[in-house]
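Working notes, beginning with the structure itself.
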């Protein structure tokens, strides 16, 4: 058995009994898994795509695993919601705002976003995307946009 990196460009997806292996390709794209817009078009975010890896193919999980990619100078919505989620950075550099604090992010960093915490992810790199895995409850509420002024006291 050979140890393979996430995006080594070998093999194809295999399924048996509902279980599966989905291989990652160059550019952090997975075989047979579509890339979608982060949310409906709007002005509260810029340059973000979402790939749902687990949670939209008839799995019976209580969680979803998604890969987000933020283009250089891009950002997610500044928002809050009652569900929690965990984020693991796989590529690039950026920052995350949690409440009133901002934290630098790089490969391997883990972010836990607590329920109702105002948060936003931003790519601060000039050339490379900021890519991260996000694990979230399958049943969750929609995020509510927060005005930047509401985060300052």
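Each value in this text was obtained by applying a stated rule to the coordinates, not by laboratory testing. Predicted model only: the values in this text are computed from it and were never measured. Every residue, glycine as well, gets a Cβ built from its backbone with ideal geometry; the counts of neighbours run over all protein chains shown.
Structure above, values below:
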quantity: Extension gain, residue 19 back to residue 31 (0.36 nm per residue minus Cα-Cα distance, nm); calculated: 2.8 nm
quantity: Three semi-axes of the equivalent ellipsoid, the range 78-141, Cα gyration tensor, whole Å, largest first; calculated: 21, 13, 9
quantity: Ranking of 104, 31 by count of other Cβ atoms within 10 Å, fewest first; calculated: 104, 31
quantity: Label zone at residue 110, where the point sits 7 Å out along the Cα-to-Cβ direction: the range 79-93 residues whose backbone N lies under 15 Å; calculated: 85-90
quantity: In nm, spacing of pseudo-spin labels at residue 101 and residue 56 (7 Å Cα→C-beta vector); calculated: 3.3
